[in-house]
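First comes the structure, then the notes that go with it.
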Amino acid sequence: MRCKGSEPATFDLFADDAPQAPRTEQIGPRSFVLRSFALPRVEQLLPALQQVLNQSPFRHMITPGGFTMSAALSSCGRLGWVTDRSGYRYTDTDPQTGQPWPAMPDALMQLAQAAAIEAGFPGFIPDACLINRYVPGAKMSLHQDKNEQRYEWPVVSVSLGIPAMFLFGGDQRTDPCQRVPLFHGDVVVWGGEDRLRYHGIVALKQAEHPLLGEQRINFTFRRAE
Ligand code: MD6
Ligand code: FE
C-alpha cells in the first residue's frame with residue numbers, strides 16, 4: 001500500500017488525551033470527521049449490531065484476485081456488499097444464509113441520517129450498511145467506493161472500538177494521503193467532489209477497548225441503488 005510511514009512520531013493513539021468532545025474536522029472540500037458524534041448512541045448501536053450479526057454473522061470474504069480479506073464483513077439494509085472470485089457487488093440476499101440481509105435497525109439508520117445532515121447532505125437514505133470487523137493486524141487496502149449506481153449521495157462511516165489510522169487520498173491511487181486517526185464514536189462523512197477519493201485503513205495496532213475488547217467495528221452506510 002502507498003502512503004505508509006509518515007505517522008507523526010509525537011502522536012500516540014493510546015494516549016488518554018484522545019479526542020472526546022464532539023467537534024467537526026474538515027478533511028476535504030466535502031469531507032468531514034465528526035468527532036465523537038456516535039458516542040451518545042452507543043448504547044443503542046451495540047444491541048442493533050448484535051441483532052444483525054445473529055442473522056448474518058461476520059465472515060472473511062475473498063477478493064476477485066483470490067485474497068482473503070483481513071477484515072471480517074457483514075451487512076444490513078436492503079442491499080449488502082459482497083466480494084468473491086467473480087467481483088465486488090451488492091446483493092439482496094446474504095450468500096452465506098440464502099436469506100435477505102437483516103433489515104437496517106432504526107438506531108443505525110437514524111445515526112447515518114443525522115451524521116449526513118451534520119455534514120451538509122440532507123435527505124440521505126442509505127439502503128446498504130456494510131459492517132467491518134478488524135482485529136489488531138487487520139487492514140483495508142487503498143480503494144475507491146465505486147460499486148454504487150450513483151455518486152450524488154455521500155458515504156457515512158462510523159468507528160467503534162479500538163483506534164485505527166484512516167488513509168484519505170485523492171482521485172488517483174498514487175496521490176498523497178492524509179493520515180486521520182479514528183477513535184471510538186467518530187463518524188466520517190464524504191461526498192460531492194470527494195466521493196471517489198481513494199482511502200484505506202492501516203493495519204491496526206494491538207489495543208483493547210473497554211466495551212468492545214480487541215476489535216474495531218466500522219459501519220459504512222451508502223445509497224447503492
Ligand atoms: C473503515 N472504511 O473505516 C473502512 N469507505 O474501516 C471505508 O472503506 C470507507 O470509512 C468509504 C467511506 C468511508 C469509509
Ligand atoms: Fe471504502
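Only the coordinates and a few stated rules stand behind these numbers; no lab work does. Owing to the predicted nature of the structure, the values given are computational and were not obtained by experimental measurement. Heads up, the Cβs are rebuilt from the backbone with ideal geometry, glycines too, and the neighbour counts pull from every protein chain shown.
Taking a point 7 Å out from the Cα of Phe58 in the direction of its Cβ, the residues of the range 109-139 whose backbone N falls within less than 15 Å of it are 130-139. Would you work out which of Leu34, Pro22, Met104 lies farthest towards the positive end of the dipole of the range 12-143? Charges go on Cβ: Lys and Arg +1, Asp and Glu -1. Final value for the positive-end residue is Met104. Under the simplified labelling scheme, the Glu193-Gln149 pair shows an inter-label distance of 2.8 nm, with each label point 7 Å from Cα along Cα→Cβ. Under conditions of 25 °C and 0.890 mPa s, the range 48-116 yields 192 µm² s⁻¹ as its translational diffusion coefficient, taking Rh as the Kirkwood radius over Cα pairs in the Stokes-Einstein equation. Within the shell defined by Cβ-Cβ distances under 12 Å, the residues around Pro154 carry a net charge of 0, with Lys and Arg each +1 and Asp and Glu each -1. Here the peptides 72-82, 141-151 are ranked by packing, the mean other Cβ count within 10 Å, and the order with the highest first is 72-82, 141-151. For Arg78, the shell of other residues with beta-carbons less than 10 Å away shows a net charge of -3, using +1 for Lys and Arg and -1 for Asp and Glu. A Förster radius of 41 Å, combined with the Cβ-Cβ distance separating Lys205 from Ser86, puts the computed FRET efficiency at roughly 0.75.
In terms of its Cα atoms, the chain spans 49, 38, 35 Å along the principal axes, sorted from long to short.
If you take all other residues with their beta carbon under 10 Å from the beta carbon of Met69, and give Lys and Arg +1 and Asp and Glu -1, the sum is +2.
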